[in-house]
Structure formats: structure tokens, C-alpha cells
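Contents: one structure, followed by commentary.
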Amino acid sequence: MTLTQPSDALRIDELRALLSSYSYDYHVLDHPSVDDAVYDSLFAELKKLEAAHPELITPDSPTQRVGSELLGGFKKVTHSARMLSLNDVFDHSDVEAWVTRMDKLLPGRTHEFFADTKKDGLACALVYVDGMLERAITRGDSYIGEDVTANVRTIKNVPLRLRAQKGFEQFLIGRTEVRGEIVMLKKDFAALNKKQTAAGKPLFANPRNLAAGTIRQLDPRLVAERPLTFIGYDMLRDDPTDIPTNMFAYVAMTAVGMTRSMEASVFSNLHDVMHFVDLWDEKRESLPYNTDGLVIKVNDRGQYAELGIVGKQPRAAVAYKYAAEQATTIVKDIVISIGRTGAATPVAVFDPVVVAGSTVQHASLHNADEIARLDIRIGDTVVIFKAGDIIPQVESVVLELRPQTSKPVDFIKLLAEQYPELAFERAGQDVVYRVVGADGDLMLKRAVEYYASKGALDIDTLGEKNVVALVDGGLVKDLADIYTITVDDLLKLDRFADISARKLIDAIADKKTPPLEKFILGLGIRHVGTQTAIDLANTFASIEALQDATIDQLEAVDGIGKVVAESIVAWFADPDNEALLKKFDTLGVRPVFVKKSGALVGQAFVVTGTLESMSRDEAADRIRALGGTFQTAVAKDTTYLVAGGKVGGSKLKKANEYGTKIIDEAKLRELLDVKD
């Protein structure tokens, strides 16, 4: 089964409708139906599609307005100045690009940077007139907000009168506006949920949603029962010269009695800004409130104003977003991996997406029951998260974006399509389908034998009988375990004496830095033979790069089609195999890639018939040692067809069709520089 992509226009329409529905649930009903990360991921996809097709942008698109409809019951108030949103940036290069754009607009001007942690709460503006709190206004649609003064007055850290402080007397005269976030601190949220548990009531989902929902309650008495906190992030005055810098605004907030972030800092260069970004990425869990990033601004308010606004965002500030814990993507296919015990594990392959700071493109679906529980189908838009920030998992399906042509997964049919030569069974209460007749120890023995074989790592003395002894003796439970065995372990087995034990341990240790192509081959990935392993090593140059390769990147390798590419992706997506590779690395097994060179680089050989002076495998090894490619069938890129004794006519016919040069064994020996 494969995915047929919907048209971009249809996808844009579907995303707009779904995002509008989510926005209504969030802003109007005050009952969010998805996590913020899911909304943000779908919103980012819509922005990307609209950027590629600006002719499809409509005035009612969610990207063309900051907020949504306002909840009824509160008086609507126009902001003195728009409460703008900020452009998001996600890495160091994005920040550098932002600074470069500003430098072009202010050539020759230096920038002092202001940075602060970004609070995950409800944006609100507090208006003070002659030092007295007059009004509190939610952000709303950035132009018009809701008057929530009665509720905000119940927040204990909001001063009803600004504090008089020498040097800051002007803030008690005329209009002073303080903008900030209404949050619920982590400790207060935990305490509140503890009370909910004691009362037998349902737990609240998260601090951000609870803070937003509380401040929109029509009864201030209920608001007063919940521990909210206001944290300021900006100040506005009718005379801009009253606040020359963003850092001064923070100093002034402290002076007049307003809570603000104490993490805020000023930097003279971008290097120090990025150090601050990385520092809080590591330390953000220690903050008393939830955060998903930082705000970075030009500190000088004059420069800030001079740089102006583009659309709905100021040029002089960005929001640095830390890696999201969730994201959405589209399932392209479902492939099945067969583990060492014969278990069939389905794997969802999807468009690459960044989750928790790394790019993922596949996730285990565990078994047929899990596929049925999620009702996941090829073509579905799914929510991806990382379990423990490590293993990517499919959390749910966005049913509203499901293609009308999608069909439920028939797991039995999928097994038959991908493994037509195997039979599967699901015994008793087992949730896993396994290969009929598969025995875990037998499969492990074959895997270790193959890994140690001459064609793979060529580990001396680790033949069939020794492999059986190691597995039956409980010393080897996976491929990597051979590197944990000691001489003392072997001496406990009947087959080994001191000399033979040391010889085997030395032989295994000698293969801790195997050639990359030999290591790839030794892993036993389905459909990956000697030449394919060489091609993969030459293309990706490391096991890590191969592990991260997409299906499209794999299919771009000569000789690798969809079936082989999916088999490779499925192998690396199997949790057992991921653990195996980490174990190899922990034990110091480091495959080494050496770019092949020699007289036969760029030349491809096929041998047909019988050779007298060497076996076909020996000929293949010698060709590869000189940088050539050994093929099993004549193709358009075949350079030579070596015709030995008892030649088959079909290969000769193809060679003539493709213009492949036909040579005999003597010419092959000459090319290989084999002396008599």
C-alpha cells in the first residue's frame, strides 16, 4: 500500500477548517481539544503551504489573524497599541538570519540584545492611571480584548496601586500600561490538583489552560480561589522616552512593585545571546513556570520602533521556540520488520518531522492490535510524540484530515504482501504475529553465524559449533553480546580450553572496527546483500547516516528500489535493532568507512559460467578490492560480462543489447593484475 498525496489546495482547505475548529474550542468554548504543539505543527504546515502558493491565501485563513472570536460575557476594549505576536525561530541559523535582516535596515548600527524566558500563560495588559489599576484587558485578537479587571484584581501579586520609588515618579503620573502573562506556577498547579484528588474531582490538564480558563470565569470569587500569578514583560507610556530600553522597562517594573522575570539579560553580541538560549534549554525545567522558549529583542526602544512592523510581527523581536514535544506528519506507508525471535513488528513510515529536537521519520506500531486501536491508515495525518524524549510514538490520528479513499489496514494481507515466502501465526493470547516454525535461539544462532561469516566480519574460530555453544550456554542473547564474553566465561563451557578461549576472544576484539560495508552486511537486513551493503556504505559513509536515511534517499542509491528501501527503514525502526546499535556503540564497536580506490573504480562486472582459476566469490572480492562493482545480472551500467565455461545465453544476449563488453577469464585476470 502506498500514499497518494492530496492536492496542496485541498490540504490547505482541510487545514484551515480544522485549525478554525480548534481555535473556536480554545478561545470561545475555553475547552481546548488538542495540545498547543499539535495546533502549532498544523499551523506551521499551513503557513508553509501558503508560502508556496500565495495565490491560495484567503482573508479568513488562520494565518491572517492572530486570535479568534472573543468569549461572550465580558466588555470588549480596544488596545492602545496592538499586542503583537512574534515570528518564531528554531535554531541558531534562524537567529543569525534575523540579525542579518535588521543589519540591512540599519546599516552600520550596533545592536544590544535583550533576552528573557517566554512564559506559557494568558497575555494580559494592565492599565494604570495616576498609579491606580483602572483596567485589565486580555490580548484578544491583538486589536480588541476583553475587560477582565474584576478577575485580575483577585490575583494577589497584581498591585492595585503602583509603588512610589525615587527616580520612577513619572510612572505614577498619567497612563502606564504593563503587559505580561497570567500563569499558574508549577507548585500551585500541583497543590491544586492534590486538592482535586482529595475531593474526588477530575484533575486539571495543564497550568496554561487552567490559567486561561480561570481568568475567563464570570464569577471573580471562583478566580480568587485559584492561585494565579501575573509576570510582566513590557511597559508602555504615552511618551516613549520614558522607557529608553527594554531592560529599563524591567527595572521600572521592579521599581513600581510589578513581578517580572529575573532571568532577563542584556547582551552585546549574538554569541552570548545563543549561549543564553542554550543555557535555558538545559535549565528550563528548573523554572517555576512552564516555558517553551525565549523572547529575543533589540534592547534600544528607538531602534525597535525604527525597524517597524511587517504584517503582524515586529522586525526587532523574535520568539525562540525550543523543540516541541509533539508534531504532526503524514503516514506514507506501513512496513513490517521481522525480529530475531520471528516477531512481526509493523512500522509507520512518515514524512520527516522534528520532535523534541530531532528529526524522526518512522515509529513502531508494535502489533496488529495497536494498529486497530489507533485505527491508523496510510495517508492519515498523525500526532507524533517522543516517549521519554527518546522513542518516537504515534499518539493519535487527526481524523478530520483523513483521505476519503483511505482503507483500514488488513494486517494479514500486509504480511502476505511483504513476506510472501513466510507463514505467520498468532498463538493463544500473544498479541504478536510470528513466523511459523521460528525458534528464537535458532534464529539467533543463524544471525551470529552470519555476522561472523567470511563474507561479513570474518571472525576467526567463531563458526557454527562455537556459536551454538555460546548461545546454549547463555553467553549470547544478541549480536552485540559476543563483545562482552571473557576468557573466564568460555572456560566454563566444555568446548574451550585456555588457548582456544583466548584465541576466540582476541579474534572478536580484532573486529571492533570492522569495515562499514561488512558491518552493514553482518546485521542481516533483509534484501541487503554484499553489493548493496557496499553501495550503502559508499553513499552514507556511517551507520548513523544510514540509520537516519529516508526512503527517498535510499531509493536514490543505484540498485535500491522501494522494497529494499522499506526493508532497511523497517530494520532501523525496530526498537530491538535500535537498542542493538546503541549496545554496539556502548561496547566500543565502531564501523569504519574507507572510500574505495583502485584501478576498477567506476567499472561494473558480471560473471557468467564457470571460472577455472578462482571461484565466483573470490572474483567478486578481488573486483571490489580494486574499487569495482560486482553485479549478479547484466544491466545498462555493466562494463564487463566475464564469460567463463558453460555460458548461459540470456546474459550474452543482454550484454549485446546493452553494448556491454564481453571478456574471457584471461582478460579478467589481467584487469585484476593476477599473476600466474
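Derivation of every value follows stated rules applied to the coordinates shown; laboratory data play no part. In this text the structure is predicted, and so the values were computed from the model without any measurement. With ideal geometry, Cβ positions are generated from the backbone for all residues, glycine too; neighbour counts draw on all protein chains shown.
Overview of results
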read-out: Most to least packed among 542-554, 225-237, 97-109 [average Cβ atoms within 10 Å]; value: 225-237, 542-554, 97-109
read-out: Against the rule of thumb 2.2 N^0.38 Å, how large the Cα Rg of segment 321-386 comes out; value: 1.16
read-out: Using alpha-carbon coordinates, inclination of helix 8-23 to the longest axis of the chain, degrees; value: 50
read-out: Taking N as its residue count, the alpha carbon Rg of the chain over 2.2 N^0.38 Å; value: 1.25
read-out: Cross-link reach list, lysines versus Lys194, counting only Cα pairs under 23 Å and skipping chain neighbours closer than eight places; value: Lys156, Lys186
read-out: Simple label model, 7 Å out from Cα along Cβ direction - Leu270 to Lys653, nm; value: 6.4
read-out: Those lysines that a straight Cα-Cα span of less than 16 Å connects to Lys667, excepting residues fewer than 8 apart in one chain; value: Lys675
read-out: Asp25/Ile391 FRET efficiency (R0 25 Å; Cβ-Cβ; nearest 0.05); value: 0.25
read-out: Efficiency of FRET from Cβ geometry, Ala541 and Lys407, R₀ 56 Å, rounded to 0.05; value: 0.90
read-out: Separation in nanometres of the label points that stand 7 Å from Cα toward Cβ, at Thr58 and Val99; value: 4.2
read-out: Difference of contour (0.36 nm per residue) and Cα-Cα distance, Arg175 to Thr110; value: 20.2 nm
read-out: Sequence-distant lysines (8 or more away, or on other chains) whose Cα lies within less than 24 Å of Lys332; value: Lys47, Lys48, Lys386, Lys407, Lys413, Lys562
read-out: For segment 377-433, diffusion coefficient by Stokes-Einstein and Kirkwood Rh (Cα), 20 °C, 1.002 mPa s, µm²/s; value: 152
read-out: Extension gain, Ala423 back to Ala51 (0.36 nm per residue minus Cα-Cα distance, nm); value: 129.0 nm
read-out: Between 0 and 90°, nearest 10: helix 575-586 axis offset from the chain longest Cα axis; value: 80
read-out: Segment Leu160-Arg373, extension gain: residue separation times 0.36 nm, minus the distance between their alpha carbons; value: 71.4 nm
read-out: Förster radius 22 Å - calculated FRET efficiency between Leu626 and Asp458, Cβ distance, rounded to 0.05; value: 0.70
read-out: Spacing of the two label points (7 Å from each Cα toward its C-beta) at Lys667 and Asp239, in nm; value: 9.5
